[in-house]
Amino acid sequence: MIQRALTLCLAMAMAATGAGFASAQSQGPLRIEITEGVIEPLPFAVPQFEAETAGSAEMAAQISRVVAADLSGTGLFRELPATAFISTVGSFGAPVQYADWKAINAQALITGAVNVQGNTLNVKFRLYDVFAGSELGSGLQFSGTVDGWRRMAHKVSDAVYSRITGEGGYFDSRVVFVSETGPKDARQKRLAIMDYDGAGVQYLTDSRSIVLAPRFSPSGDRVLYTSYESGFPRIYLLDVGSVQRRALDSQDGTMSFAPRFAPNGQTVVYSISQGGNTDIFAMDVNSQQAVRLTSAPSIETAPSYSPDGTQIVFESDRSGSQQLYVMPASGGEARRISFGEGRYGTPVWSPRGDLIAFTKQNNGRFHIGVMRTDGSEERLLTASFLDEGPTWAPNGRVIMFTRETQGAGGQSALYSVDISGRNLRPVPTPDGASDPSWSPLQK
Amino acid sequence: MTMTVTRSVLFLVAGLALAACTNPNRFGPGDDALAGTAGAGAGAGAFAPGSASDPRSVAYFQQAVGDRVLFPVDQSNLTPEGRATLDNQAAWLMQNADFTAIIEGHADEQGTREYNIALGERRANSAREYLVSKGVSGARLRTISYGKERPIEVCSVEACYAKNRRAVTVLAGGLSS
């Protein structure tokens, strides 16, 4: 019942914003609309998880709060405050007084229990469909270490989200980004990594040289990025666990940048600039053999593979202005897919394969947008002085990007928005932040 | 004696050139601090060696010759003013054959990060090709792009953007001692 209600909500929201996934492909004039469709978020209750062992009460409280924050943060759910509760939840698995939850209009009820033994943490949860008067799915238990408690909270949230929406979750994921401090004309940049919600920031490089645009490997264990540490922009490969890094081969007198992994995790596609021309190349990270994929006198950069690895979307100004093109992964003839007003850049293929996210510049404003992979059904999701660099959540439903404010005091920050243009919200970071790359769901 | 003085001036210039390479303020317009410190310790000749009045100095190159050319929005074509500045740079580089240079290309903030790196490289290359066409050996000139990462002006209006869309010729010590 919950699922039906929510699916209906989502379908309505998507129809309202033109985000439906019907297979009809529109040709002819581009229709662009920015819509802030409003749906009624689904009310849920998360009574504080039961502490099964002495001393686990605080952890139980924290885990309950993270689950509630994950779900509320999607904009699809609304948490009912504990002060509204009529019923208290007894021990985990005790019968639920559905009438008491129905009375406060809680459509979903999430109960849980936390058990700490030494450094081992067990978290159990159950999800109830209050109006149907039954459990939705069966109870699940996650085990891990005490210091990994946030991840276990996110796993609970992912399971709840998936059961209710029928979509994959995205909460147990991380974001690698560029942390920024200092004034605009002497900005200090270093790589940082954090949970998707901004928790647990760790720094991966120092800020002695400019670092740009980190990108996760498909398994989330490595990061490609561009650094000026040699004096010239070069691509580096960093192991997230050991924080060891190495430069990929590059030819003296050239600049390499804009790297991104292929879905096989072995091939890197990137740009090389030399003699006033920028083209796209692919390199095997082990053999370091580079293959040229484009050879035009124009700027070809920002390549991104389709999730099946057969195609690459990239930007080029070969037409006279920055536009999006798709070519076979082995190079060859490219077809232009962006035809609206303005300039298009930084295309990123959705992990679901259905959409391409991009940055659009038009009339002095920047937008994050999405279009189908043939360029149809373009929709702009955001607008500001400077929005750029979209990255997809693992489920292909949410996009994170950089927003920079204007003027001498301009600062960069991370924002997320869902693909219907709803639920725009800042992602908290300790300092300025740019160039996010969202990891896959952690294993 | 003359020989010694010349050498000390050359060393000083070399030091300045290296300073220009590593000076974090080099993205700023004409560096007066650099010119100001240059004379100290040398004290020979009619001008303070290394100062802007020393025609062989980095400061002179920056201020009197002109170390940068500016570009229109999203363009890498040289303007007439830009060509005039590069004519002066070429003449200076031909006369001061012991210098090499890195030409740094930059973009304003109105553009995506990676495109701006490519655009900055185009601008740096335009300046380099022009200098080469005027007789400067290509082996003395490298290019690099900083895209929009190193603006010198921080406002978000055209007056600032115009100064940020630039290619700056940064001298480096090329002394073969």
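The values are calculated or read from the model by the stated rules, or taken from the named source; none is laboratory data. The shown structure was predicted, so the numbers you read here are calculated from the model rather than taken from an experiment. Here the Cβ positions follow ideal geometry from the backbone for every residue, glycine too, while neighbour counts run over all protein chains shown. Just the protein is used for accessible areas: all its heavy atoms, side chains included, with ligands, DNA and RNA removed. Shrake-Rupley method; radii C 1.70, N 1.55, O 1.52, S 1.80 Å.
When region A:171-183 is filtered for residues that are open to solvent by 10 Å² or more (accessible area, probe 1.4 Å) and closer than 27 Å to A:PHE77 by Cα, only A:ARG174 remains. Mind checking which residues of region A:385-420 are away from chain B (no Cβ under 14 Å) and touching a helix residue (DSSP H, G or I) at 6+ places or on another chain (Cβ under 6 Å)? If the condition is that a residue be away from chain B (no Cβ under 14 Å) and touching a helix residue (DSSP H, G or I) at 6+ places or on another chain (Cβ under 6 Å), then A:SER420 is the only one that fits. Count of region A:92-117 residues, restricted to those that are open to solvent by 70 Å² or more (accessible area, probe 1.4 Å) and small (Gly, Ala, Ser), is 2.
Looking at region A:253-262, is at least one residue more than 25 Å from A:SER316 (Cβ to Cβ) and charged (D, E, K, R)? The answer is no, given that none of the residues of region A:253-262 is more than 25 Å from A:SER316 (Cβ to Cβ) and charged (D, E, K, R). Any residue that is hydroxyl-bearing (Ser, Thr, Tyr) and crowded, with 18+ Cβ neighbours inside 10 Å - is there at least one of those in region A:242-249? Among the residues of region A:242-249, not one is hydroxyl-bearing (Ser, Thr, Tyr) and crowded, with 18+ Cβ neighbours inside 10 Å, which makes the answer no. Against the criterion of being modelled with pLDDT under 95 and either within 30 Å of A:SER338 (Cβ to Cβ) or not hydrophobic (A, V, I, L, M, F, W, C) (or both), A:GLU33 qualifies. Summed over region A:184-204, the residues that are more than 14 Å from chain B (Cβ to nearest Cβ), without any contact (Cβ under 8 Å) to a residue 60 or more places away in the chain, buried (at least 18 other Cβ atoms within 10 Å of the Cβ) and in a strand (DSSP E or B) give a count of 3. Reported count of residues in region A:205-224, each being closer than 22 Å to A:TRP438 by Cβ and within 14 Å of chain B (Cβ to nearest Cβ), is 6. Considering only residues in region A:259-274 that are within 14 Å of chain B (Cβ to nearest Cβ) and out of contact with any Lys or Arg (no Cβ under 9 Å at 6 or more places or on another chain), the one that is least open to solvent (accessible area, probe 1.4 Å) turns out to be A:SER271. Taking the criterion of being within 30 Å of A:ALA408 (Cα to Cα) and surrounded by fewer than 20 Cβ atoms within 10 Å (Cβ to Cβ), the residues of region A:342-386 that qualify are A:GLY342, A:ASN362, A:ASN363, A:GLY364, A:ARG365, A:ALA383, A:SER384, A:PHE385. Being closer than 30 Å to B:ARG140 by Cα, within 11 Å of chain B (Cβ to nearest Cβ) and out of contact with any Gly (no Cβ under 6 Å at 6 or more places or on another chain) is a property that A:PHE314 lacks.
For region A:225-241, taking the residues that are within 13 Å of chain B (Cβ to nearest Cβ) and open to solvent by less than 10 Å² (accessible area, probe 1.4 Å), the one that is farthest from A:THR301 (Cα to Cα) is identified as A:SER227. The residue list A:GLY320, A:GLY331, A:GLY345, A:GLY309 contains one member that is free of Cβ contacts under 8 Å to residues at least 60 places away in the same chain, within 28 Å of the chain's Cα centre (by Cα) and within 11 Å of chain B (Cβ to nearest Cβ), which is A:GLY345.
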